[in-house]
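Here the structure comes first, spelled out in structure tokens, and everything after it is commentary.
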Amino acid sequence: MGNRVIVLILLGLAWIGGQPLWAQTPPTAVVTDPAIDAKLPAALAGITVPSHGVEMDAILYLASGEGPHGTVLLLHGLPGYESNFDLAQSIRRAGWNVLIFHYRGTWGTAGTFSMSSAIEDTAEAVRFVRDPANAVKYRSDPKRLVIVGHSLGGFLAGYEASHDADITAVAMIAAVNMGRVNTDAKERENRLKRWETQLHPVRGASAPELFAEAERHGKEWDYVQWAQGLRMSPVLLVEADDQNHADMEAFAEVLRQKGAVALKQVAVATDHSFSDHRIALQGIVVEWLETLKK
């Protein structure tokens, strides 16, 4: 059975019996800058990642030191108002390179957006990280590639990891299950209204079109169906109190039924963006990444 943890972290002035409530101590990388490597310091590179004739805008956080460093591909949601740059910084302090990119048709990257194109873009980002020339250039280990995704990014992370056995590990944070967004009429309508107000940075796709695309793919995009492909991989599921909670619970249960060898499931009492639990989120992810080094 996987390791299931319910995290109720109360930040700020919360007291019982005169003692502050604190469920865990943040890892050093979350709260402390590392020693400076004068020869090979941490750095930030604005780059592009090619995908189907488009150069996707990307940011590469380079860890300090010679390495080679493992790389975390950090996928934001749709459109990605919460892009988790704070999480990227903590992951880099923990010794990983971090790549964040913008899918075709989002945030000024050329092309038009669709769910299918975002799946393709994720695969191309994986290809970019594994390219031997890029591995040398960025002091990275192409065989240590972890995908961490939030919201739609969590869906994309799970899809890529379930279709690529060489991905080291995958973390899905408040992941939307695109295979099931149309199954409940009331919830579909609520999601549709939210999405219609959030697609300003997205080119070439409307919310109804994206929901229709998801409906066409149905079972193929139901991440519960990916459990068999992920049962032998380290998997981190981080849930919030949001519309995706039930789907992630169902996914975790099927993973356990399939005999998942390295499942960690964490539930955090917060909103979809982890707005008041950013330190907690960083701590959960960084602690999990540390286990991958052992």
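The values are calculated or read from the model by the stated rules, or taken from the named source; none is laboratory data. Model, not experiment: these values are computed from the prediction. All Cβ positions, even for glycine, are placed from backbone atoms using ideal geometry, and neighbour counts span all protein chains on display.
So, of the residues in segment 32-78 that are touching a helix residue (DSSP H, G or I) at 6+ places or on another chain (Cβ under 9 Å), of a type outside the set (Gly, Ala, Ser) and not in a strand (DSSP E or B), which turns out to be modelled with the lowest pLDDT? The residue in question is Pro34. Scoring Ile6 on the criteria (1) in a strand (DSSP E or B); (2) modelled with pLDDT of 95 or more leaves a single failure, condition (2). Among residues of segment 52-64 that are free of Cβ contacts under 8 Å to residues at least 24 places away in the same chain, none has a Cβ under 9 angstrom from a residue that is part of a strand (DSSP E or B) and surrounded by fewer than 20 Cβ atoms within 10 Å (Cβ to Cβ) at a sequence gap of 6+ or on a separate chain.
Determine whether Gly153 is touching a helix residue (DSSP H, G or I) at 6+ places or on another chain (Cβ under 6 Å) and in a helix (DSSP H, G or I). Answer is no for this residue.
Suppose we keep only residues that are closer than 21 Å to Thr106 by Cα and of a type in the set (Gly, Ala, Ser) within segment 203-218. Which one would you say is surrounded by the most Cβ atoms within 10 Å (Cβ to Cβ)?
Ala214
One residue stands out in segment 193-202 among those that are surrounded by fewer than 16 Cβ atoms within 10 Å (Cβ to Cβ) and under 23 Å from the mean Cα position of the chain (by Cα): the one that is farthest from Arg104 (Cα to Cα), namely Arg194.
Test Phe155 against the criterion of being over 18 Å from the mean Cα position of the chain (by Cα) and of a type outside the set (Asp, Glu), and give yes or no. No. Can you pull out every residue in segment 125-145 that is of a type in the set (Lys, Arg) and assigned to a strand (DSSP E or B)? If the condition is that a residue be of a type in the set (Lys, Arg) and assigned to a strand (DSSP E or B), then Lys143, Arg144 are the ones that fit.
Only residues that are free of Cβ contacts under 8 Å to residues at least 40 places away in the same chain and either in a loop (DSSP other than H, G, I, E, B) or surrounded by 14 or more Cβ atoms within 10 Å (Cβ to Cβ) (or both) were counted across segment 219-231, and they come to 2. Tell me yes or no: at least one residue of segment 249-265 is touching a residue at least 60 places away in the same chain (Cβ under 8 Å) and assigned to a loop (DSSP other than H, G, I, E, B). Scanning segment 249-265 turns up at least one residue that is touching a residue at least 60 places away in the same chain (Cβ under 8 Å) and assigned to a loop (DSSP other than H, G, I, E, B). The residues of segment 81-90 that are buried (at least 21 other Cβ atoms within 10 Å of the Cβ) and either under 11 Å from the mean Cα position of the chain (by Cα) or aromatic (Phe, Trp, Tyr) (or both), listed by number, are Asn84, Leu87, Ala88. One residue alone among Thr122, Thr112 is over 30 Å from Ala35 (Cα atoms), assigned to a helix (DSSP H, G or I) and touching a residue at least 12 places away in the same chain (Cβ under 8 Å), and that residue is Thr122.
Taking the criterion of being surrounded by fewer than 16 Cβ atoms within 10 Å (Cβ to Cβ) and closer than 28 Å to Arg130 by Cβ, the only residue of segment 166-192 that qualifies is Asp166.
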